[in-house]
Amino acid sequence: MKTFLAVAVLLTVLSLAQAGLDRAQSIATLKKCQKETGAKENVEDVFDKQIIPTSKEGKCMMACVLTEKGLMKDNKVDATAVSNFFEKVYADDPEQLEKAAGAVGKCSLIDVKGLDKCDVAVAYMKCGQENDFRL
């Protein structure tokens, strides 16, 4: 169950652009996290070009985004927040909800044992992209 929820949270972040959420708000969150982590990546490029950071700081920036969105607390998934997000975003789009569920199922199989929160965030983000979800 924990793995499923972790994947759901990370796929939630990946679906920000697809869900039509405000670009400016997403960029602001990325910038805040960039400042906190010391990431050098261009946040506009990260968002617009769907770039998943490879530097340690960039990876931690993405983990920070999860925390800022209220989807992770104390490096753990907030199941209620994830549930509320999917209910809100996909309420009128059963096809997208089914797609999300499929990606969650596939990504729940990846091995993240021994990874820190930053690497875990990026591992799930890569899996999400491979399964048609975007940042």
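Throughout, read-outs are computed from the coordinates displayed, never taken from laboratory work. Values in this document were obtained by computation on a predicted structure and should not be read as measured data. Virtual Cβ from ideal backbone geometry, glycine too; neighbours counted across all protein chains shown.
What does the charge count around residue 106 come to, taking other residues whose C-beta lies under 15 Å from its C-beta (Lys +1, Arg +1, Asp -1, Glu -1)?
-2
When peptides 36-45, 107-116 are sorted by average Cβ neighbour count within 10 Å, with the highest value leading, the order is 36-45, 107-116.
On full extension, the segment bounded by residue 68 and residue 132 gains 20.7 nm, given 0.36 nm per residue less the C-alpha separation.
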